Amino acid sequence: MGISEDIFEGQPADMPEPMPRRTALYRPGPGPAVVRHLGGYAPFMEFSAAQGVRAQELASDPERLIGFLRTFGSGIASDSTLQAAAAIFAGNTIAALRPDAQWNAHEGAAPSVGNRDRQYEVSRLLEGLRGADDDAVRGLIAALLDWARDDPDEPPARPPLPVSLAAGQRRYVRPDLPATTYYSSDGTPIPYGRHWGADGPDQDSYSVDSHPGRFAGLHTVARALIGHLTAVYDVDAQDDPAHAGELLMAGPDVLRAVKVTPQNSDAASLTFVFTVYPGVMVHAGVLHDFPFPVCGCDACDETVETTADRLERLVLTVAAGGYSERYPVGRQRWSEYALTAWDGSGSESGRGEPGPAAEDRLRDAEVRLREVAGGWSPWPLRDGSATPPM
């Protein structure tokens, strides 16, 4: 009889269904299951027992687990099955630190575990431990323990619920994006999106952005989204570079800025800023900026398709009323946002210090967000025939 996977709370479960990636036509669907205890870590329990360490002791002591993973990292990495089991065990240990932590999956990306405020990509965490110095390891342990002890003085707001698509409502369809092959300096094609293997990114790749042109299609996607919004919803769209001033964060040089304002004062506006990089920055509501891509360096290995997924998800969710903001939150006066995907594919949130903003802008935001305390409203639909896309 094999080892029983019973050292974490509840019965072990399978990974939740991944959030959609690389798809042009979005359809409603069920949300992912909540998974806190992921199965598949028995090989790691056998390995730890062979080293004279009970897996239960590692599961109850994150500091000891990290030390064990660091000590035996090379041996674990030599066996792909063992390496996967170790990542699951580590993720379950992290999930057990907080009652609001869970596993998350994204199609085309490695699984992560965490809560609304912090996510850990456990496979990358294990890779990093093998080469980390003592200070980095101590910092990781301190961050984990602080996160486990963190008891915010104000709990997160309930995620907003987007409205379903109306019968006959026009669906958004992603425009075709050109397929381009990019090459390294030695002439080898670069498989962006699956560039790095089990050893993780080269250390030098974090400071290299070899082919930013691969994100040029984001401008095409942003134009299509603006066209969709103006055709389906009752909005006012203003194309003026001055609207780039809506952004709180500094970004690359601006090519174009379009502000789309719904004809409902309780619905959040969206400002699309097209950058020279090339990329797109979106200001949603009053206090939050979303960059696409977040980082284009070679190590992050983003593609235009996965970045477009996130851009479309944000925009369509805001229009459906699945977006909320709060400020100030708690003693630290943080700003907070939450998204519940319009198609039921998942949710995300963030909380932290508000971006650089003048005091009067923060005061205005505080007043405005009290008026929409339950979340921003869905955008009103346009009556009659669709208007031509911009």
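The values are calculated or read from the model by the stated rules, or taken from the named source; none is laboratory data. For clarity, every value in this text was computed on a predicted model and none was experimentally measured. When we count neighbours, we look across all protein chains shown, and the Cβ atoms used for this are built from the backbone with ideal geometry, even at glycine.
Laid out as a table, the results:
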item: Matching residues, segment 101-130, being free of Cβ contacts under 8 Å to residues at least 24 places away in the same chain and out of contact with any strand residue (DSSP E or B) (no Cβ under 8 Å at 6 or more places or on another chain); result: Ala110
item: Lone unmet requirement of (1) closer than 30 Å to Leu255 by Cβ; (2) of a type in the set (S, T, N, Q); (3) surrounded by fewer than 17 Cβ atoms within 10 Å (Cβ to Cβ); (4) at pLDDT 90 or above for Gln169; result: (1)
item: Filtered residues of segment 298-333 (kept if surrounded by fewer than 22 Cβ atoms within 10 Å (Cβ to Cβ) and of a type in the set (S, T, N, Q)); result: Thr303, Thr306, Gln332
item: Strands (runs of 3 or more DSSP E) contained in segment 272-348 and holding at least 1 residues farther than 24 Å from Leu177 by Cβ and among the hydrophobic types (A, V, I, L, M, F, W, C); result: 323-329, 334-340
item: Filter result for Leu144 (modelled with pLDDT of 75 or more and not in a loop (DSSP other than H, G, I, E, B)); result: yes
item: Every pair of residues 6+ apart whose Cβ atoms lie under 6 Å, when the first sits in segment 243-271 and is assigned by TED's automatic domain parsing to the domain that holds Leu314 while the second is exposed (fewer than 15 other Cβ atoms within 10 Å of the Cβ) and assigned to a strand (DSSP E or B); result: Val258/Asp239; Lys259/Gln238; Thr261/Asp236
